[in-house]
1. Every residue in region 340-383 that is in a strand (DSSP E or B) and within 16 Å of ligand 4 (Cβ to nearest atom), please.
2. Would you point out the residue of region 76-98, among those that are among the hydrophobic types (A, V, I, L, M, F, W, C) and crowded, with 24+ Cβ neighbours inside 10 Å, that is farthest from ligand 2 (Cβ to nearest atom)?
3. Can you tell which of Pro292, Pro346, Pro285 is touching a helix residue (DSSP H, G or I) at 6+ places or on another chain (Cβ under 9 Å) and either crowded, with 17+ Cβ neighbours inside 10 Å or not charged (D, E, K, R) (or both)?
4. Identify the single condition in (1) assigned to a helix (DSSP H, G or I); (2) within 16 Å of ligand 3 (Cβ to nearest atom) that Ala337 does not satisfy, given that it satisfies every other one.
5. Could you tell me whether Val323 is under 20 Å from the mean Cα position of the chain (by Cα) and not assigned by TED's automatic domain parsing to the domain that holds Ile217?
6. State whether the residues of region 83-98 include one that is closer than 18 Å to Leu184 by Cβ, away from ligand 1 (no atom under 16 Å from the Cβ) and charged (D, E, K, R).
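The values are calculated or read from the model by the stated rules, or taken from the named source; none is laboratory data. Treat the numbers as computed from the prediction; the structure is a model and nothing was measured. For neighbour counting, all protein chains shown are included, and Cβ atoms are generated from backbone atoms with ideal geometry for every residue, glycine included.
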Amino acid sequence: MSAAPDDTAVLRVDSDRLWSSLSELGSVGAYHDSDTDLEGVRRLALTDEDITGRELVLGWMREAGLSIRMDAVGNVYARRAGLDDSLAPVLVGSHIDSVATAGRFDGCLGVLGGLEVVRTLNDHGVSTRRPFEVAIFTEEEGARFGTDMLGSATAAGRISLAQARSRADRDGVSVGAELDRRGLVGDQVVPMPARPHAYLECHIEQGPILAEHGTDIGVVRGVQAITWLELEISGRAAHAGATPNALRRDAELAAALIRVRLDEMVTSGDYGVMLATVGRHETTPNLVNIVPSHVLMTVDLRNHDGDAMDRATIDLHEYLRAVEERTGTTISVAVTAQTPPVHFPPQMRDRVAKAAAGLGLSSEEITSGAGHDAGEIAALCPAGMVFVPGLYDGISHNPREYSTPEACADGINVLLHAVLGLLED
Ligand code: HGY
Ligand code: MN
Ligand code: MN
Ligand code: MN
């Protein structure tokens, strides 16, 4: 049993300290967002801003007495020893890389919340039977290197280290080159050599449900399936005025037909509750009087139902063939991310629900719309997530992303009390 000098049931995190950590990290990669006239955060994975953010958080972790190790894809594991240090650790964490138009909470709450749990245990001289580790996963967003949850997927073995290192950004810079250049290749191998005892991640909901219901905590039942495609549509540049319609191979027409078809697939209900997004779209030569010869477009599909997602992906591929036929273009498809739905085990959901109840907080079960590192680490050990509500319809991947100091502290108090039980398993 741990030598807890005072009853751990009364432990609470330091809300001001958590908030100031979120604010300070949020100032790294800050920019003025002209769309919202707000200060946004831009800390794409393995950029100077991400490295600066990592160094800030690693400094705090060392100050908190944590021993730092890193794996071959730059994931950080900061460890607080247990009384029996031979036992598998309880792991918490998330990511601090961001999308290009981010707020201060996505991912950061899970990493800094884990650090706040350590600081709180330290403040109260609480020792724990199991070791406790806080992870920072590399390139969770996929915003720079184009695949979702790259670091945690490599740690869990869904993608190989070679696949991870070979992912390249739009300038052709690879993950491997960046990791090597920045000295972020640790001595720990991937997939993770030893499975954690359990994993928990606190994250903002990034949607409107908890706030609409006035619920304090989301007990996450799982993560929906994700499929990312990169389509390269090749047609032929031609004069906009002199080329008869029948002779055109218009890449933009193909792209438009695909986008409308995606909307039909979503609104038809034929594929369950599905979402489709074309987030990236580049037209060449992008000039007023030339029929576009080339379009690069991404497709992001989300679906709660794995079978419906598979059907949608097959039907979309078939539709692309019909578009080629109709427009005389050729369309190449790269699948850049593909994850099935993930279901978190009842025992982890119970721990989160009980911790919330013990703190007098209301909670409800919810499925995550967004992908998370927890969805990857769930392949290694029992995993779970704690959601906190956001304001403004829970908007995220937008500088308007916001949650309150109270909601963040509630979420991390739930994380604290859920892990305290796991640490004594
Ligand atoms: O794509 C996602 O859902 C996550 O934010 N990376
Ligand atoms: Mn996130
Ligand atoms: Mn995100
Ligand atoms: Mn995520």
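1. Taking region 340-383 first, the residues in a strand (DSSP E or B) are 342-343, 363-368, 383.
Within region 340-383, Val342, Ile366, Thr367, Ser368, Ala383 qualify.
2. At the first step, the residues of region 76-98 found to be among the hydrophobic types (A, V, I, L, M, F, W, C) are 76, 78, 81, 83, 87-88, 90-92, 96.
Now drop any that are not crowded, with 24+ Cβ neighbours inside 10 Å, which leaves 76, 78, 90-92, 96.
Values: Val76: 16, Ala78: 19, Val90: 20, Leu91: 16, Val92: 14, Ile96: 10 Å.
Ranking the qualifying residues of region 76-98, first place goes to Val90.
3. On the way: Pro346 fails: touching a helix residue (DSSP H, G or I) at 6+ places or on another chain (Cβ under 9 Å); Pro285 fails: touching a helix residue (DSSP H, G or I) at 6+ places or on another chain (Cβ under 9 Å).
Checking each option against the conditions leaves just Pro292.
4. (1)
5. no
6. Kept after step one, since they are closer than 18 Å to Leu184 by Cβ, are these residues of region 83-98: 93-98.
In the following step, the residues that additionally are away from ligand 1 (no atom under 16 Å from the Cβ) were identified as none.
Among the residues of region 83-98, not one is closer than 18 Å to Leu184 by Cβ, away from ligand 1 (no atom under 16 Å from the Cβ) and charged (D, E, K, R), which makes the answer no.
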